[in-house]
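One structure is given here, and the rest of the page talks about it.
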Amino acid sequence: MHQKLLILDDDEEIVALLAQAFRSLPFDIVFVTSGVEAVIAIFEAYSEEKPFDALVMDCALPRLDGFTIAKIVRLAETTGVSKRTKIGYFTAFPKTVEQSTLLEEVGAQAYWRKPEDTGNLPTLISLWLNGPG
């Protein structure tokens, strides 16, 4: 059974590039371009009892950022709607002390930089998902 992955980035070119890069890999992936779309997809997956195994999100998004989405997911998990979801971030911003604190608060396990990691992201995510924890 393939792992179910949600990838959120508001840059449609990045989404298209990643969709192509992930095409031949054994993942069931939902690509979204807004925080609102991500929350809808996450809760639809909960309602179908097929939650995502992992979320990979940009940090800085208009209206609903990746940190807020992670807090929503963690809150939903406390109600028992889902097992603990792996969360990783893929962003152009350097990791600051503030972001490190936010990453820790939401239990994020991974952080990748764009554009540096863009070409390797499928491999990095595969290793992350299949590694410990």
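Read the figures in this text as sums done on the coordinates, not as results from a lab. Note that the structure is predicted; figures quoted are calculated from it, not measured. Quick reminder, even Gly has a Cβ in these numbers, built from the backbone with ideal geometry, and neighbours come from all protein chains shown.
Any chance the range 58-79 includes a residue that's within 16 Å of residue 4 (Cα to Cα) and touching a residue at least 12 places away in the same chain (Cβ under 8 Å)?
Yes: the range 58-79 contains one or more residues that are within 16 Å of residue 4 (Cα to Cα) and touching a residue at least 12 places away in the same chain (Cβ under 8 Å).
Looking at (1) surrounded by fewer than 19 Cβ atoms within 10 Å (Cβ to Cβ); (2) of a type outside the set (Asp, Glu); (3) within 19 Å of residue 128 (Cβ to Cβ), which is the only condition residue 50 fails?
Only one criterion is unmet by residue 50, namely (3).
Within the range 88-109, can one find any residue that is closer than 14 Å to residue 4 by Cβ, hydrophobic (A, V, I, L, M, F, W, C) and buried (at least 16 other Cβ atoms within 10 Å of the Cβ)?
The answer is no; no qualifying residue exists.
Pairs needed: first member in the range 111-133, without any contact (Cβ under 8 Å) to a residue 40 or more places away in the chain; second member anywhere, of a type in the set (Asp, Glu) and not in a helix (DSSP H, G or I); C-beta distance under 7 Å; at least 6 residues apart or different chains.
Close Cβ pairs (under 7 Å, with a partner that is of a type in the set (Asp, Glu) and not in a helix (DSSP H, G or I)) amount to 124/117.
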